[in-house]
Amino acid sequence: MKWVTYDAGSGPRTGILDGPTVRGLGAGVTLLSLLGDDGERLAEAGAAARTAPTEVRPLDEVRLLAPIPRPPSIRDGLCFLDHLRGCYRAMGRGGELHPAWSQTPAFYFGNPAAVVGPYDDVPIAPGCELFDFELEIGAVIGRGGRDLHPDTAEEHIVGYTFYNDWTARDHQLRDMAQGIGMGKAKDSAITLGPALVTADELEPYRSDGRLHLEVSATVNGREVSRGTLAAMDWTFGELLAYLSRGTDLLPGDVIGSGTVPGGCLLEHVDTPDMAGFSGWLRPGDVVSLQGPALGHTRQTVRPAPPMIPLRTGC
């Protein structure tokens, strides 16, 4: 099923996509509230939405929100090492990676308060001149767990959705210089949506233990990147096993795949395919992520709000 959180004018509701319509559940039922067991509550709610919905709305008359508008936590992995190599080359650092990148998957914590819907406008981060997007897929935890095994950890994923990790590259340079991880670079917006596509619906795309989900990204209608989840150097199973070492993953937690290689502007700054391209994102640019299994997002970049200085020069 494809689960959505939507607003038809009377506040957020939860429902399923059914062709050109949304079949909604009663007020107060959230997607997060349906998670946490072996999937029985979600399956029962899906059957109710299909056969006896509280309301049926035309899809083009509702506003789709993020499927889980405020996840308990967000962790973003870096599972495509070719993305990192591409970023290093763009920054003049060559393409060689430290052995640590092949010893454990890397990740950082995202900001749940920064989550936006799949068609919401996205303001540039305050003070940013080098605004970027990142093409990722998010896995949503359905059943919590701790110290998971990499061979079975994916059984804890209830479904998948697009994840756009909007990034202030100039702020990222400062974060890197300070050396304690991602800060304001990743703090302004994270797009989730348009739907949470349940894992069972994606089984036809699974082969040799990997999801062959093809996804792409465009800016102003021009394709910037195309790739597949099958190219992950670290699988979601391995990532979840690492993330859960000595700590709990909770129902509704969102786990990002990391950026599909080529799936951001930084990787293309000095390459010929940027000829005629506008460079860093500017107000009015339209960014879209799309894929036959996950649907599509479409968002317009807006001007940054004023930045309040901390002190002179800061």
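Restricting attention to segment 152-161, does a residue exist that is under 20 Å from THR5 (Cβ atoms) and among the hydroxyl-bearing types (Ser, Thr, Tyr)? Scanning segment 152-161 turns up at least one residue that is under 20 Å from THR5 (Cβ atoms) and among the hydroxyl-bearing types (Ser, Thr, Tyr). Per the listing LEU78, LEU35, LEU65, LEU59, the residue uniquely in contact with a strand residue (DSSP E or B) (Cβ under 9 Å, 6 or more places away or on another chain), touching a residue at least 40 places away in the same chain (Cβ under 8 Å), of a type in the set (A, V, I, L, M, F, W, C) and under 19 Å from GLY144 (Cα atoms) is LEU35. Taken over segment 98-116, the residue count meeting the criterion of being in contact with a helix residue (DSSP H, G or I) (Cβ under 6 Å, 6 or more places away or on another chain) and loosely packed, with under 15 Cβ neighbours inside 10 Å is 1. Comparison of ALA293, ALA241 shows that the only residue that is in a helix (DSSP H, G or I) and of a type in the set (A, V, I, L, M, F, W, C) is ALA241. Hey, can you tell me all the residues within segment 186-210 that are without any contact (Cβ under 8 Å) to a residue 24 or more places away in the chain and of a type outside the set (D, E, K, R)? Correct list: PRO204, SER207.
LEU196 passes every criterion in (1) over 24 Å from VAL116 (Cβ atoms); (2) surrounded by 21 or more Cβ atoms within 10 Å (Cβ to Cβ); (3) of a type in the set (A, V, I, L, M, F, W, C) apart from (1).
Against the test of being in contact with a Phe, Trp or Tyr (Cβ under 9 Å, 6 or more places away or on another chain) and among the polar types (S, T, N, Q), the options THR191, THR152 yield a single qualifying residue, THR191. Residues in segment 277-286 include at least one that is assigned to a strand (DSSP E or B), in contact (Cβ under 8 Å) with a residue 40 or more places away in the chain and out of contact with any helix residue (DSSP H, G or I) (no Cβ under 8 Å at 6 or more places or on another chain). Among the criteria (1) free of Cβ contacts under 8 Å to residues at least 40 places away in the same chain; (2) surrounded by 17 or more Cβ atoms within 10 Å (Cβ to Cβ); (3) of a type in the set (S, T, N, Q), the one THR297 does not fulfil is (1).
Given the residues LEU211, LEU239, LEU202, LEU250, which is the only one that is over 14 Å from the mean Cα position of the chain (by Cα) and farther than 18 Å from LEU135 by Cβ?
Going through LEU211, LEU239, LEU202, LEU250 in turn, just one is over 14 Å from the mean Cα position of the chain (by Cα) and farther than 18 Å from LEU135 by Cβ: LEU250.
For segment 225-263, filtering for residues that are modelled with pLDDT under 95 and in contact with a Cys (Cβ under 8 Å, 6 or more places away or on another chain) leaves 1.
The values are calculated or read from the model by the stated rules, or taken from the named source; none is laboratory data. Everything numeric in this text was worked out from a predicted model, so none of it was measured. With ideal geometry, Cβ positions are generated from the backbone for all residues, glycine too; neighbour counts draw on all protein chains shown.
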